[in-house]
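**Q** Could you have a look at this structure, given as structure tokens, before my questions?
The values are calculated or read from the model by the stated rules, or taken from the named source; none is laboratory data. Keep in mind it's a predicted model, so treat the numbers as computed, not measured. Reconstructed Cβ throughout: ideal geometry from the backbone, glycine too, with neighbour counts over all protein chains shown. All accessible areas refer to the heavy atoms of the entire protein, side chains included, with ligands and DNA or RNA removed. Shrake-Rupley method; radii C 1.70, N 1.55, O 1.52, S 1.80 Å.
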Protein chains: 2
Amino acid sequence: MSGPAPLGEWLRGTGPDAEVSICTRVRLARNVQGYRFPTRMTSEEAAEVDRFVCSRLTSAETGLDLSVVHLHDVPKIDRQVLIERHLISRELAGADRARSVAVDDDECISIMVNEEDHIRAQVFHSGFQVEATYRDALRIDEAVLRVIPIAFSEEFGFLTSCPTNTGTGMRISAMLHLPGLVWADDIERASNTAQKIHLAVRGLYGEGSRALGDFYQVSNQVTLGRSDEQIVEDVRVAVARIIAWEREVRAALLDGDARARTLDRVFRSLGVLQNARILTSDECLGCLSAVRFGVVQGLLPDLTVEQVNRVLMHAQPGHLQQFANAELTAVERDRRRADSVREILTRSHG
Amino acid sequence: MSGPAPLGEWLRGTGPDAEVSICTRVRLARNVQGYRFPTRMTSEEAAEVDRFVCSRLTSAETGLDLSVVHLHDVPKIDRQVLIERHLISRELAGADRARSVAVDDDECISIMVNEEDHIRAQVFHSGFQVEATYRDALRIDEAVLRVIPIAFSEEFGFLTSCPTNTGTGMRISAMLHLPGLVWADDIERASNTAQKIHLAVRGLYGEGSRALGDFYQVSNQVTLGRSDEQIVEDVRVAVARIIAWEREVRAALLDGDARARTLDRVFRSLGVLQNARILTSDECLGCLSAVRFGVVQGLLPDLTVEQVNRVLMHAQPGHLQQFANAELTAVERDRRRADSVREILTRSHG
């Protein structure tokens, strides 16, 4: 791979409802007929599946124009960068079987090979666009089915390693920025409401990850027994409700007596990011959340969402180390992070 | 009084050792012959002394060109402003007897009438200049003695209300900014050392005041049994030692690994002052201390000591309320303070 694009699709910062919804993702779990699931394969089988799937994904018949990264050939820092760009999962990065990822130039599509399933295809669209992302996922699924024999049961649907994915094998996620709900102490209520209608609410990097920077991933919990269309509609309606709730809370935070406190928080956060010489990842994300809120609400006309997203991307440990072209200690990273953030946020934007 | 000058002598920000020593003050306690001390006077006696002393201080014979403010005629906010400018004490502001202050245009000289003693003359010189300030105090003392009969005993010297002032009646203070000693946790050791050689270490507003913003007042404890010249020399030597200590610690804070942490502290503090929309007095002084350190150490070339001193002065409650021409609640002051500080620190300076 010739170095990733500056910002992947998921951080493009455009699309509908982009002031609350960072991006929409559809993920499909698929497995190759006639092979055991990755967690039970021998290393020889894994290598065979990896070779086979990668060669088929890059064949002209798919019409997808993907580049393959064989993860066993890739240094740790570069794998970390791929995680941070949401192109691979932590699990795939850390596995020791043969494994790969196939990515398109815009980082709209990423297909992981030998993750929990043989094939995990992801499509990203920035903003909140469940239907468009779903249609794109269908296109990719058809391409995959055209070139690879996929395990399917008339009774259960697509067969997957974990039963929660069996059926459509589809998970739709919206990556949401919810500072309003967090600051107004409504986030737990919002999260409980979502869970009641079978949505999972997680941190930005999926299961078990903390909700840093007020970023949340909201996705459907189950796939079995629901049609694709039902899932798409369920997620669309439920997430639209959360987005509306976030908008209401934001309006209240910018009204009356609350306004001064909100402005104070936004500007102080900008002050930290533009001035700190030592900056931990947690503090950076916390401040960045307030600054993103400030930018999308029109409080910081000198800054753009693109700058905020560049910070979100480049302040991460993998990106910092890739840029430095060296492994860095936590202390070194905190200094480099501060320098990099200042540079991005004080640079004039054209 | 036709409105105080923008910055009094004590905040001029110039003079020797000004990067550590804000200013030097000499204060003389004197009493008028034939009257009881202010704390024991009747209100008629107080009014008589006040009238007599003020008329003598403004007579041409003194050569001092002082303006008198009769404090019983002055609204509370304006008295607060006089305290904040170090022209009167809290005690004088709060007393209910007839009382006044005579001030020169530059706010170098302030003579309080009917404080703890009938006459408390103060002279300020910015920076660290014990001898020059002492010589100036002598000049004022001679002028006072020329026009007012002063209580003096051959045995004890000048008679004063509190025995600790009897003798020369002189207190010499250096107003020091000691962020290095505070940050390096050496301030208690420095303070103990000073006390061993009979110096008092206090907050900026004298007895009982907290050392906000790392500002300290170091002064001689006793006056009885020491000559003026001995006191001047004692204070000069001892304070010079503290200044040297502070300089050493500052150098260490800007060296090696400590440097990044120090820069981080300085720039974050600037970030708060330039961005906050709500700012308490305590936080303001804490940040201002770091910024003053940054400016005098050459870390913040875009800012001047004059700007720092303007913040120090104008962010105070009395000044904020005088400027607003209204009594303000604490919440209102915290907002006005933030606005005023931002305005001073972001204004380009000619």
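**Q** If each label sits 7 angstrom from Cα along the C-beta direction, how far apart, in nm, is B:P16 from its counterparts in the other copies?
**A** B:P16 label point versus its equivalents elsewhere: 7.6 nm.
**Q** Tell me the per residue accessible area of segment A:60-165 using a 1.4 Å probe; a whole number in Å² is fine. Please report the intermediate quantities before stating the final value.
**A** Values: 4280 Å² over 106 residues.
In whole numbers, segment A:60-165 has 40 Å² accessible per residue.
**Q** Under the Karplus relation 6.51 cos²θ - 1.76 cosθ + 1.60, θ = phi - 60°, what is the ordered set of whole-Hz ³J(HN,Hα) values for segment A:325-340, x standing for Gly and Pro?
**A** Values per residue, Gly and Pro as x: 6, 6, 6, 10, 6, 4, 4, 5, 4, 4, 6, 4, 4, 4, 4, 5 Hz.
**Q** To the nearest Å, what is the center-to-center distance of segment A:296-350 and segment B:188-202, using C-alpha atoms only?
**A** Taking the Cα centre of segment B:188-202 as reference, the centre of segment A:296-350 is 46 Å away.
**Q** Got the A:P149 label distances to the other copies yet, label 7 Å along Cα→Cβ, in nm, shortest first?
**A** For A:P149, the inter-copy label distances come out at 12.5 nm.
**Q** Here's another thing I want to ask about it. In vacuum, with every alpha carbon of the protein assembly as shown counted as one equal point scatterer, what does the Debye formula give for log10 I(q)/I(0) at q = 0.05, 0.06, 0.07, 0.12 Å⁻¹? Two decimals, please.
**A** For the protein assembly as shown at q = 0.05, 0.06, 0.07, 0.12 Å⁻¹, log10 I(q)/I(0) is -0.40, -0.52, -0.64, -1.19.
**Q** Give me the distance in nm between label points sitting 7 Å out from Cα along the Cα-to-Cβ direction at B:A132 and B:E48, one decimal.
**A** 4.3
**Q** Convert each backbone phi in segment A:283-299 into a coupling constant with the Karplus relation 6.51 cos²θ - 1.76 cosθ + 1.60 (shift: θ = phi - 60°), then list the ³J(HN,Hα) values in order as whole Hz, x for Gly and Pro.
**A** 5, 4, 5, x, 5, 4, 4, 5, 5, 4, 3, x, 5, 5, 8, x, 7
**Q** Placing +1 at every Lys and Arg Cβ and -1 at every Asp and Glu Cβ, with all other atoms neutral, what dipole size does the protein assembly as shown have around its Cα centre, in debye to the nearest 20?
**A** Working: 82 positive and 100 negative charges, 61 e Å.
Here the size comes out at about 300 debye.
**Q** Counting only protein heavy atoms and using a 1.4 Å probe, what share of the accessible area of segment A:9-226 belongs to carbon plus sulfur, as a whole percent?
**A** Details: 4270 of 8910 Å².
Here carbon and sulfur together make up 48 percent of the probe-accessible area.
**Q** Once every Cα of segment B:194-350 carries one equal point scatterer and solvent is ignored, give the base-10 log of I(q)/I(0) from the Debye formula at q = 0.17, 0.20 Å⁻¹, two decimals.
**A** Taken in order of the listed q values, log10 I(q)/I(0) reads -1.05, -1.22.
**Q** What is the magnitude of the charge dipole of segment B:257-349 about its Cα centre, with +1 placed on the Cβ of each Lys and Arg, -1 on the Cβ of each Asp and Glu, and no other charges, expressed in debye to the nearest 20?
**A** Numbers: 13 positive and 11 negative charges, 29 e Å.
Here segment B:257-349 has a charge dipole of around 140 debye.
**Q** Taking θ as phi - 60°, what are the ³J(HN,Hα) couplings along segment A:230-237 by the Karplus curve (6.51, -1.76, 1.60), each to the nearest whole Hz, with x for Gly and Pro?
**A** Result, ordered by residue: 5, 4, 4, 5, 4, 5, 4, 5 Hz.
**Q** Enter the buried accessible area of the A/B pair, total of both sides, probe 1.4 Å, in Å² rounded to the nearest 100. Show your work: numbers first, answer last.
**A** Values: alone 15590 and 15580 Å², together 29740 Å².
The A and B chains share an interface burying roughly 1400 Å².
**Q** In A, who owns the beta-carbon nearest the axis carrying A over to B, and how many Å from it?
**A** A:G271, 2
**Q** Per DSSP H run of n ≥ 4, the term is -39500 (n - 2.57); total these for chain A, divide by its residue number, and report the mean residue ellipticity at 222 nm rounded to 500 deg cm²/dmol.
**A** On the way: 12 runs with 157 residues, N = 350.
Computed ellipticity for chain A at 222 nm equals -14000 deg cm²/dmol.
**Q** To the nearest 0.05, how large is the calculated FRET efficiency for A:S227 and A:D73 if R₀ is 35 Å and r is the Cβ-Cβ distance? Each step should come with its number before you reach the end.
**A** Values: r = 40 Å, r/R0 = 1.14.
The computed FRET efficiency comes out at 0.30.
**Q** If the label for B:D282 sits 7 angstrom from Cα along the Cα-to-Cβ line, what are its distances to the same label in every other copy, in nm to one decimal, shortest first?
**A** 2.3
**Q** A further question follows. Expressed as an acute angle from 0 to 90° and rounded to the nearest 10, what is the orientation of the C-alpha long axis of helix A:305-314 relative to the principal long axis of chain A?
**A** 60
**Q** Given 0.36 nm per residue, what is the gain on full extension from B:T280 to B:D65 after removing their alpha carbon distance, in nm? List each step's numbers first, then the result.
**A** Values: separation 215, 0.36 × 215 = 77.40 nm, distance 3.81 nm.
Length gained, B:T280 through B:D65: 73.6 nm.
**Q** So, one more: I'd like to know which of A:T62, B:W183, B:L270 lies farthest towards the positive end of the charge dipole of the protein assembly as shown, counting +1 on Cβ of Lys and Arg and -1 on Cβ of Asp and Glu.
**A** The residue sitting most towards the positive pole is B:W183.
**Q** Going by the alpha-carbon gyration tensor, a ≥ b ≥ c the square roots of its eigenvalues, is segment B:86-162 rounded (a/c under 1.5) or, if a/c is not under 1.5, prolate (a/b greater than b/c) versus oblate? Walk me through the numbers before you get to the answer.
**A** Working: a/c = 1.72, a/b = 1.06, b/c = 1.63.
It is oblate, given that a/c is not under 1.5 and a/b is not larger than b/c.
**Q** In addition: Taking only protein heavy atoms into account and a 1.4 Å probe, give the accessible area per residue of segment A:257-349 in Å².
**A** On the way: 3910 Å² over 93 residues.
That works out to 42 Å² for each residue.
**Q** With label points built 7 Å along Cα→Cβ from the Cα atoms of B:A151 and B:A260, find their separation and express it in nm.
**A** Taking the two extended label points, one gets 6.3 nm.
**Q** A:S227: net charge of surrounding residues, Cβ under 12 Å, Lys/Arg +1, Asp/Glu -1, itself excluded? Mind dumping the intermediate values first?
**A** Working: positive: A:R226; negative: A:D228, A:E229, A:E233, A:D234.
That works out to -3.
**Q** If you build the convex hull over the alpha carbons only and average its shadow over all orientations, what do you get for chain B? Give it in nm² to one decimal.
**A** That works out to 17.4 nm², a quarter of the Cα hull's surface.
**Q** Under 20 Å from a point 7 Å along the Cα-to-Cβ line of A:V237: which residues of segment A:130-159 have their amide N that close?
**A** Backbone N within reach: A:130-135.
**Q** Follow-up question, since we're still on this one. Rounded to two decimal places and with Rh computed the Kirkwood way over Cα pairs, what is Rg over Rh for segment B:297-350?
**A** On the way: Rg = 12.4 Å, Rh = 11.9 Å.
Rounded to two decimals, Rg/Rh equals 1.04.
**Q** Specify, per residue and in Å³, the volume enclosed by the convex hull of the alpha carbon atoms belonging to segment A:76-222. Mind showing how you got there, number by number?
**A** Values: hull volume 19.7 nm³, N = 147.
Normalising the Cα hull of segment A:76-222 by residue number yields 134 Å³.
**Q** Next question. Projected onto the charge dipole of the protein assembly as shown (+1 at Lys/Arg Cβ, -1 at Asp/Glu Cβ, origin at the Cα centre), which of A:L82, B:Q217, A:Y134 gives the Cα projection farthest towards the positive end?
**A** Of the listed residues, the answer is B:Q217.
**Q** Would you work out what percent of the accessible area of segment B:257-349, with all protein chains in place, is carbon or sulfur (probe 1.4 Å)?
**A** Numbers: 1880 of 3920 Å².
In segment B:257-349, the share of accessible area belonging to carbon and sulfur is 48 percent.
**Q** To the nearest 20 debye, what charge dipole does chain A have about its Cα centre, counting +1 at the Cβ of each Lys and Arg and -1 at the Cβ of each Asp and Glu? Please report the intermediate quantities before stating the final value.
**A** On the way: 41 positive and 50 negative charges, 140 e Å.
With Lys and Arg at +1 and Asp and Glu at -1, about 680 debye.
**Q** Let me ask you something else. Indicate the gyration tensor shape class of segment B:257-349 (rounded, prolate or oblate), computed on the Cα atoms with a ≥ b ≥ c the square roots of the eigenvalues: a/c under 1.5 is rounded; otherwise a/b larger than b/c is prolate and the rest oblate.
**A** Values: a/c = 2.57, a/b = 1.86, b/c = 1.38.
Note, shape of segment B:257-349 comes out prolate.
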